[in-house]
Amino acid sequence: MLNLVLFGAPGSGKGTQSEKLIAEYGLHHISTGEVLRKHIKDGTELGKIADSYISKGQLIPDTLMIDILRHELEGIIGDSKGVIFDGFPRTVPQAHALDSMLAEMGHELHGVVGLEVPEDELKRRMIERGKQTGRADDNEETITNRLKVYHAQTEPLRAHYIGKKKYMQINGQGSVDDIFANIAKEIEKKTGTGREKQQ
Ligand code: AMP
């Protein structure tokens, strides 16, 4: 199995690069943002709670988020080539919860792909995405708050994973294909897993 976290600020290209990783390595994708947006669209109770945080650019509380992740993971972990965690973990407690959950299930996290993009470029991308997709939290006020929350609560995970020797630093600027080629190279270096081996 190849279990990877796709890490980076909002707008760093996690969703786009996830699609390429799925296509090339045949991995399962868990995007916590997408799971939450689906609940909001379906009008579930969880969706109502999630919306009250997402619309303000805040994080969903850890205990709730960890339960959601566990539910998603239990459905797929046994029979898959591996999992891409996109948008999880976003806090240090979530990172610890992910390690314990994977260990309980007899698995481990192999690496963290860190997409690094300057702040003005992140903002530009999110404004553009808001225009193209109508995504509700891609508006200027919420974007500013999401970036603040990222620096305060999520960015410390970078040092956490560097300390664990799991972090792969990737320049998130350039063409989608060039960025992906760098990701594939780093994954091979860190885990020995080549693109063709997983297909
Ligand atoms: P994303 O699509 O990953 O940018 O997530 C959109 C929003 O969903 C975030 O701004 C948070 O409000 C919420 N969210 C997604 N993943 C998490 C998480 N792991 N922990 C807390 N909140 C999350």
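The values are calculated or read from the model by the stated rules, or taken from the named source; none is laboratory data. Note that the structure is predicted; figures quoted are calculated from it, not measured. Neighbour counts are summed over all protein chains in view; Cβ atoms, including those assigned to glycine, are modelled from backbone coordinates with ideal geometry. With ligands, DNA and RNA removed, areas are computed over all heavy atoms of the protein, side chains included. Shrake-Rupley method; radii C 1.70, N 1.55, O 1.52, S 1.80 Å.
See the values below:
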| quantity | calculated |
| --- | --- |
| Spin-label zone in segment 118-146 - amide nitrogen under 18 Å from a point set 7 Å from the Cα of Leu64 along the C-beta vector | 136-137, 146 |
| Long-range HN-HN contacts of His28 with modeled amide H, under 5 Å | Lys81, Gly82, Val83, Ile84 |
| Interchain or long-range residues, amide H under 5 Å from Phe7's placed H | Val113, Gly114, Leu115 |
| Local electrostatic count at Arg129 - Lys and Arg +1, Asp and Glu -1, tallied over other residues with Cβ under 9 Å | +1 |
| Net charge over other residues, Cβ less than 12 angstrom from the Cβ of Phe180 (K, R count +1; D, E count -1) | -2 |
| Where N is the number of residues in the chain, Cα Rg divided by 2.2 N^0.38 Å | 0.98 |
| Low-density loop cleavage sites - trypsin sites (Lys or Arg not before Pro) in segment 104-151, where at most 16 other Cβ are within 10 Å (DSSP) | Arg135 |
| Per-residue SASA entry for His96, accessible area with 1.4 Å probe, Å² rounded to 10 | 100 |
| Exposure rank, largest accessible area first [Lys189, Lys20; 1.4 Å] | Lys189, Lys20 |
| Extended-chain gain in nm, criterion 0.36 nm per residue less alpha-carbon gap, Glu104 and Asn171 | 20.8 nm |
| Derived scalar couplings ³J(HN,Hα) [segment 20-28; Karplus, 6.51 cos²θ - 1.76 cosθ + 1.60; whole Hz; x for Gly, Pro] | 5, 5, 4, 5, 7, 10, x, 8, 7 |
| Residue-wise HN-Hα coupling along segment 55-72, computed from phi with Karplus coefficients 6.51, -1.76, 1.60 (Hz; x: Gly, Pro) | 5, 9, x, 9, 7, 5, x, 3, 4, 5, 5, 5, 4, 5, 5, 4, 4, 5 |
| Helix-derived mean residue ellipticity, 222 nm - over the chain, DSSP H n ≥ 4, -39500 (n - 2.57), to 500 | -17000 deg cm²/dmol |
